[in-house]
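S.K.: This is the structure, below, for whatever I ask next.
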Amino acid sequence: MKLKIVFILLACIGISAVYAKKIDVVTTTTDLKSITEFIGGDKVDVSSIATGYQNPHFVDPKPSYIIKLSKADMFVTVGLDLETGWSPQLLSSSRNLKIQKGSNGYVDASVGVTLLQVPSTINRGEGDIHIFGNPHYWLDPINGKQVAKNICDGLEKISPENKAFFEANLKTFDDKIDLKLKEWTMKMAPYKGLKIVAYHNEWCYFEQRFGLVIVDFLEPKPGIPPTPTQLVKIISEVKSNAIKVIISSPYFTTSSSEVVSKQTGAKTIVLGTSVGAFDNIKDYFDLFDYDIDKLIQGLE
Amino acid sequence: MYCFIRTAVMAALFLSVSVIASSQNDSIAKADSGLLKQIEQQLNSKETSPATVQVRTAPSTLPDISVIGDFQASYRNNVKRNFDAGINEAELSFQSVVDPYARADFFFTLARDPVTGKFSEDLEEGYITTLSLPFHLQLKAGKFKSAMGRINPVHPHALPFISLPTAYENYFGEGINDEGVSLSWLVPNSLFYQELVVQVTDGPIDNPSFSRSVGNTYLKLAHLKNFFDLSANATLELGFSGVTGANSYDFRTNIAAMDLTYKWKPVQFNTYKSFTWQTEAYFSNADTSKNRAVNSFGMYSFINFQFSKRLFFTGMYNYSNKPFSASIKENSYSATIGWYATEFQKIEIEGKTTSSNIEKEQNQVLLRWIFVIGTHGAHQY
């Protein structure tokens, strides 16, 4: 009987030890969570602060997030000031030195990404301009590979004994991106050069990768809600360019784009900007599967 | 022979990849080989070419700097000067990490004297906060807004109304903003967020309830914050505060306070609609002599509706005694409409009426225009 109890206790300690070995990662967005799960596999326990259907610029810094951050071994951020309105406050309240900027557990996923729309001058009169460049870079799957590399580097710093495991997962992830990119590019090939309109300036990386041309935005300036003057301009542009589609995101209301749709016949399509935007976008690959299929459906 | 086998293996691999790929989607099966080659070339060139180093904004050790302008215009009845307008306050902030172990925040204010119209400078807050103490502790030292309830820690420009709640003003004036040390502990509670803050400060100079003692009586404050996620869209905060310190009678005032805040903000459309209900109550026990103590009470409650991305409404009710007179009873009602152009600019207009059992009814209409230049840190949730 005593032996049985000792065995159960040892088993419990063993289970706890295995559990304790998992690297606790907090990411700002669900895309980073998905990629971290691909690279970290069963060695990581990942949670995301923002949901996939939420505007990542405007996340409310709820104190409950501090609990997660206080225990985290690693923090992964999109960077480029995307989360500037909420993540610095949460980080400094976390009392966790491991994940502060400059520490091994702080991973800026944007490092090494070739950025688009880097402004030469900064002026808030132009709206919500990001001083480092457009931060929606994860919407190009090639940039997903760089993000995965940054996450892999971060995990290796924290758990060097699992270096080979993480790198093998990175290779698998990269190979899958290459394979899927061929599929996505082939699907989008007939629509190369196609002109569309978007609600907010967050699609430039997707646009460049898949050869679309975004003619204009419903927002007159980034972050400024559509105005009647802007909508009149958009209606004229949609008509003159025979634009068939207006793309938007789950966290914007579609009332403005529906006005344009009614006037022009162009369809409003809500695409996912992040994993979890819709129920069937469960990981980073699903995101492009969903967006590309949805876009093609809209165009056909 | 070896070459033949290698070619065969390569061909088999290529075929199998093609088969896998073709099974994934019909469109790939129809793909022309020229386009596939082009894609492969693109992928390969990305992998083999040396990484291009893109110049990012030059690194800087300068702190985040911002200036907040607060223009106000007002009409008040039952006063000598009914109309007034001008820059009420300009706040200059500097915020940055000091090193890997601490951050520092400074807020200077240039406030306008409504009588003389002259501006006087003051250090509103200036403190260092540790980032790395063990046991989830955080130490703050300097001059700071005390962790008393929900209104006191917030800078007025970030509040969704213009005039401070009557009950709060009656007990704390413009707030407890004092020099000393603050230790906060993140309670290891995995069910909900709990934070205990203990502060010892010199004691405020101009405050209805407290005075700075010339002796060894310091202002001591404790605040327990409990924060619950009711759902993805709704939260509840329940706080308890206790503060004790010297008063203007050279005796002691003790104040116990409770705050309750319910917030509803749909995660998906959090920039378009929200609702907040916030209530705070103050229970004061002030000794005015060895044999006399005054027990008094004050409370406010407000609701804040966000109707659209830019339009907000706040309605507030106050009931309050005064710290040294429980017989004074004041009631006030206010309504504020706010138009938020962007995160950097808002205009609010407020009507407020205050009645009391000792004074004539006072009515006021206020207009406030807040504008920010530079980089200003986020405010607490």
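S.K.: Considering every residue within segment A:93-104, establish whether at least one is within 19 Å of the chain's Cα centre (by Cα), on the phi < 0 side of the Ramachandran plot and crowded, with 21+ Cβ neighbours inside 10 Å. Lay out the reasoning, then the answer.
M.R.: At the first step, the residues of segment A:93-104 found to be within 19 Å of the chain's Cα centre (by Cα) are none.
No, every residue in segment A:93-104 fails to be within 19 Å of the chain's Cα centre (by Cα), on the phi < 0 side of the Ramachandran plot and crowded, with 21+ Cβ neighbours inside 10 Å.
S.K.: Does A:L69 satisfy the condition of being in contact with a Pro (Cβ under 7 Å, 6 or more places away or on another chain) and either more than 8 Å from chain B (Cβ to nearest Cβ) or buried (at least 20 other Cβ atoms within 10 Å of the Cβ) (or both)?
M.R.: Numbers: in contact with a Pro (Cβ under 7 Å, 6 or more places away or on another chain): no; either more than 8 Å from chain B (Cβ to nearest Cβ) or buried (at least 20 other Cβ atoms within 10 Å of the Cβ) (or both): yes.
No, not satisfied.
S.K.: Which ones in segment A:97-112 are in a loop (DSSP other than H, G, I, E, B) and either at pLDDT below 90 or facing chain B (nearest Cβ under 8 Å) (or both)?
M.R.: So in segment A:97-112, the residues in a loop (DSSP other than H, G, I, E, B) come out as A:100-105, A:109-112.
Across segment A:97-112, the qualifying residues are A:Q100, A:K101, A:G102, A:S103, A:G112.
One line per residue, one yes/no per condition, for (1) surrounded by 16 or more Cβ atoms within 10 Å (Cβ to Cβ); (2) touching a Pro at 6+ places or on another chain (Cβ under 9 Å); (3) modelled with pLDDT under 95:
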site	(1), (2), (3)
A:V118	yes, no, yes
A:N123	no, no, yes
A:D128	yes, yes, yes
A:I131	no, yes, yes
A:W138	yes, no, no
A:N143	yes, no, no
A:L155	yes, no, no
A:A168	no, no, no
A:K171	no, no, no
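S.K.: In segment A:77-86, is there at least one residue being among the aliphatic types (A, V, I, L, M), assigned by TED's automatic domain parsing to the domain that holds A:N169, at pLDDT 95 or above and touching a Ser or Thr at 6+ places or on another chain (Cβ under 7 Å)? Give the steps one after another, and end with the answer.
M.R.: If we filter segment A:77-86 for residues that are among the aliphatic types (A, V, I, L, M), which is where we start, we get A:78, A:80, A:82.
With the extra rule that they be assigned by TED's automatic domain parsing to the domain that holds A:N169, the set shrinks to A:78, A:80, A:82.
After this cut, where a residue has to be at pLDDT 95 or above as well, the list is A:78.
Applying the additional criterion that residues be touching a Ser or Thr at 6+ places or on another chain (Cβ under 7 Å) yields A:78.
Yes: segment A:77-86 contains one or more residues that are among the aliphatic types (A, V, I, L, M), assigned by TED's automatic domain parsing to the domain that holds A:N169, at pLDDT 95 or above and touching a Ser or Thr at 6+ places or on another chain (Cβ under 7 Å).
S.K.: Failed condition for B:Y300, given (1) at pLDDT 95 or above; (2) closer than 30 Å to B:S211 by Cα; (3) surrounded by fewer than 17 Cβ atoms within 10 Å (Cβ to Cβ), with all others met?
M.R.: So the condition that B:Y300 fails would be (3).
S.K.: Hey, among A:E126, A:E156, which residue is touching a helix residue (DSSP H, G or I) at 6+ places or on another chain (Cβ under 9 Å), more than 28 Å from B:A104 (Cβ to Cβ) and either more than 11 Å from chain B (Cβ to nearest Cβ) or acidic (D, E) (or both)?
M.R.: On the way: A:E126 fails: touching a helix residue (DSSP H, G or I) at 6+ places or on another chain (Cβ under 9 Å).
A:E156 is the lone residue from the list that is touching a helix residue (DSSP H, G or I) at 6+ places or on another chain (Cβ under 9 Å), more than 28 Å from B:A104 (Cβ to Cβ) and either more than 11 Å from chain B (Cβ to nearest Cβ) or acidic (D, E) (or both).
S.K.: Among the listed residues B:L196, B:L183, B:L224, identify the single one that is within 30 Å of B:E330 (Cα to Cα), aliphatic (A, V, I, L, M) and at pLDDT 95 or above.
M.R.: On the way: B:L196 fails: within 30 Å of B:E330 (Cα to Cα); B:L183 fails: within 30 Å of B:E330 (Cα to Cα).
Just a single option satisfies the conditions, and that option is B:L224.
S.K.: To continue, here is another question. So, B:S355, is that one in a strand (DSSP E or B) and crowded, with 16+ Cβ neighbours inside 10 Å or not?
M.R.: Details: in a strand (DSSP E or B): yes; crowded, with 16+ Cβ neighbours inside 10 Å: no.
Judged against the criteria, B:S355 is not a match.
S.K.: A further question on this structure: Please work out if B:Q72 is within 13 Å of chain A (Cβ to nearest Cβ) and either surrounded by 15 or more Cβ atoms within 10 Å (Cβ to Cβ) or at pLDDT below 90 (or both).
M.R.: Values: within 13 Å of chain A (Cβ to nearest Cβ): no; either surrounded by 15 or more Cβ atoms within 10 Å (Cβ to Cβ) or at pLDDT below 90 (or both): yes.
Against the criterion (within 13 Å of chain A (Cβ to nearest Cβ) and either surrounded by 15 or more Cβ atoms within 10 Å (Cβ to Cβ) or at pLDDT below 90 (or both)), B:Q72 does not qualify.
S.K.: May I ask you to list the residues in segment B:103-129 that are within 14 Å of chain A (Cβ to nearest Cβ) and buried (at least 18 other Cβ atoms within 10 Å of the Cβ)?
M.R.: Selection gives B:R103, B:D105, B:Y127, B:T129.
S.K.: Sticking with this structure for a sec: Residue under question is A:F288, and the condition is that it be over 21 Å from A:C204 (Cβ atoms) and touching a helix residue (DSSP H, G or I) at 6+ places or on another chain (Cβ under 8 Å); does it hold?
M.R.: On the way: over 21 Å from A:C204 (Cβ atoms): no; touching a helix residue (DSSP H, G or I) at 6+ places or on another chain (Cβ under 8 Å): yes.
In short, no.
S.K.: Can you tell me which residue is farthest from the chain's Cα centre (by Cα) among those in segment A:189-214 that are touching a residue at least 60 places away in the same chain (Cβ under 8 Å) and within 21 Å of A:Y251 (Cβ to Cβ)? Talk me through it step by step, then tell me what you get.
M.R.: Residues of segment A:189-214 touching a residue at least 60 places away in the same chain (Cβ under 8 Å): A:191, A:194, A:197, A:201-206, A:208-210.
This time we only want the ones that are within 21 Å of A:Y251 (Cβ to Cβ), so: A:197, A:201-206.
Numbers: A:V197: 21, A:N201: 14, A:E202: 11, A:W203: 12, A:C204: 14, A:Y205: 12, A:F206: 12 Å.
Per the stated criteria, the residue is A:V197.
S.K.: Which ones in segment B:175-195 are in a loop (DSSP other than H, G, I, E, B) and more than 18 Å from B:A246 (Cα to Cα)?
M.R.: Taking segment B:175-195 first, the residues in a loop (DSSP other than H, G, I, E, B) are B:175-176, B:187-192.
Within segment B:175-195, B:V187, B:P188, B:N189, B:S190, B:L191, B:F192 meet the criteria.
S.K.: Give me a count of the residues in segment B:231-266 that are among the charged types (D, E, K, R), farther than 28 Å from B:R292 by Cα and out of contact with any strand residue (DSSP E or B) (no Cβ under 8 Å at 6 or more places or on another chain).
M.R.: The qualifying residues number 0.
S.K.: Restricting to segment A:71-96, name every residue that is small (G, A, S), without any contact (Cβ under 8 Å) to a residue 40 or more places away in the chain and assigned to a loop (DSSP other than H, G, I, E, B).
M.R.: A:G85, A:S94
S.K.: Can you tell me which residue is surrounded by the most Cβ atoms within 10 Å (Cβ to Cβ) among those in segment B:271-287 that are among the polar types (S, T, N, Q) and over 22 Å from B:T166 (Cβ atoms)? Give the steps one after another, and end with the answer.
M.R.: Here is the first cut: in segment B:271-287, the residues among the polar types (S, T, N, Q) are B:271, B:274, B:276, B:278-279, B:284-285.
Add one more test, that the residue is over 22 Å from B:T166 (Cβ atoms), and what stays is B:271, B:274.
Values: B:T271: 22, B:S274: 18.
Taking the candidates together, the pick is B:T271.
S.K.: Please give the number of the condition A:G193 fails out of (1) within 14 Å of A:I292 (Cβ to Cβ); (2) surrounded by fewer than 21 Cβ atoms within 10 Å (Cβ to Cβ).
M.R.: (1)
S.K.: Also: Exactly one of these conditions fails for A:V76: (1) in contact with a Leu (Cβ under 6 Å, 6 or more places away or on another chain); (2) at the interface with chain B (Cβ under 9 Å from one of its Cβ atoms). Give me its number.
M.R.: For A:V76, the exception is condition (2).
S.K.: Here's another thing I want to ask about it. Please verify whether segment B:187-197 includes one or more residues that are over 30 Å from A:A72 (Cβ atoms) and either buried (at least 21 other Cβ atoms within 10 Å of the Cβ) or within 17 Å of the chain's Cα centre (by Cα) (or both).
M.R.: Going residue by residue through segment B:187-197, those that are over 30 Å from A:A72 (Cβ atoms) are none.
No, every residue in segment B:187-197 fails to be over 30 Å from A:A72 (Cβ atoms) and either buried (at least 21 other Cβ atoms within 10 Å of the Cβ) or within 17 Å of the chain's Cα centre (by Cα) (or both).
S.K.: Still on this structure, please answer the following. Quick check on segment A:23-66: of everything there that is under 11 Å from the mean Cα position of the chain (by Cα) and assigned to a helix (DSSP H, G or I), which residue is nearest to the other protein chains (Cβ to nearest Cβ)?
M.R.: Once the filter is applied, the top-ranked residue is A:T30.
S.K.: Consider A:S236 against the criteria (1) touching a residue at least 60 places away in the same chain (Cβ under 8 Å); (2) under 29 Å from B:S308 (Cα atoms); (3) in a helix (DSSP H, G or I): it satisfies all of them except one. Which criterion is unmet?
M.R.: Going through (1) touching a residue at least 60 places away in the same chain (Cβ under 8 Å); (2) under 29 Å from B:S308 (Cα atoms); (3) in a helix (DSSP H, G or I) one by one, A:S236 breaks only (1).
The values are calculated or read from the model by the stated rules, or taken from the named source; none is laboratory data. Here the structure is a predicted model, which is why all the values come from computation and not from measurement. Every residue, glycine as well, gets a Cβ built from its backbone with ideal geometry; the counts of neighbours run over all protein chains shown.
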